[in-house]
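J.: Take this structure first; my questions come after.
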Amino acid sequence: MLRCGPQLDSDDDMLGADFSDFEDGDDSDFDDIGMHDFPFLVNSPEETMRRLRIYARYPNNGMPETRLKHELAQIRQGPVEGCRVDVLDDNLFEWAASLKGPVNTPYEGGVFDIHISFPNEYPFEPPTLKFVTKIYHCNVYGSLVCTERWTPVITVAKLMVSILYMMATPDPMDPLNPAIAKLYISHRSEHDKIARQWTRRFAMPNSEKDGQ
């Protein structure tokens with residue numbers, strides 16, 4: 001479960017939740033985490049309906065734009081290490097992120113681009129995260145990384161931290177790509193070899209490829 005703020009286990013919990021946490025810029029919750037903290041799972045129909053019941057109680061009143069402007073300013077003032085984020089084509093609801101592959105992983109040396117698309121209901125509905133750069137990873141389904149158990153206190157910065165952690169520490173026991181997970185468990189060296197090949201092919205500039 002994402003430890004980014006108060007956990008909202010019932011519909012009424014949302015009404016009393018403190019959403020101010022996203023403003024303090026404190027990512028200390030990520031100092032001691034495990035892969036179980038990031039369940040990258042497709043939302044169930046039940047979860048979607050639960051959210052709709054909750055979010056119907058809230059007026060929009062320009063909240064998505066205000067929230068996104070604040071988050072963007074916060075990221076620019078205090079960037080996440082190994083991550084760059086910016087707006088696409090002056091559209092506040094479409095962002096582009098670039099993540100440097102974590103060191104001592106098969107993704108080291110690569111730069112992985114991610115498209116972040118925000119719904120009109122943000123932050124009450126999560127953004128859609130899509131790898132533009134191909135990545136060989138058991139917790140990525142095609143190009144998509146989806147989050148369940150979303151709460152409005154989670155920020156883009158914290159999502160980027162979670163993805164970097166996911167890249168460094170795959171969870172083959174809860175995969176979105178079972179075939180890759182099986183290879184990770186049974187033949188780790190072969191898995192890492194393929195992941196490095198994908199990184200070299202899809203995520204590295206030609207000049208860096210030539211230097212290896």
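J.: Hand me the GluC sites (Glu not before Pro) from the range 123-212 located in a DSSP loop with no more than 11 other Cβ atoms within 10 Å, in residue order please.
T.: Counting only loop positions with at most 11 other Cβ atoms within 10 Å, none of the GluC sites (Glu not before Pro) in the range 123-212 qualifies.
J.: Now, a different point. Pop out the ³J(HN,Hα) list for the range 174-191 in order, Karplus 6.51 cos²θ - 1.76 cosθ + 1.60 with θ = phi - 60°, rounded to Hz; leave Gly and Pro as x.
T.: 9, x, 9, 10, x, 5, 5, 4, 4, 5, 4, 6, 8, 9, 4, 5, 5, 4
J.: Sticking with this one: Over the range 58-159, what is the relative contact order in percent, taking alpha-carbon pairs closer than 8 angstrom and at least six residues apart?
T.: Relative contact order for the range 58-159 comes out at 19 percent.
J.: Normalising by the residue count of the range 132-191, find the relative contact order in percent from Cα pairs under 8 Å and 6+ residues apart.
T.: Dividing the mean separation by the residue count of the range 132-191 yields 44 percent.
Laboratory data are not the source of any read-out in this text; all were calculated from the coordinates shown. This one's a predicted model, so the numbers in the text were calculated from it and none came from an experiment. Note that we place each Cβ from the backbone using ideal geometry, even for glycine, and neighbour counts take in every protein chain shown.
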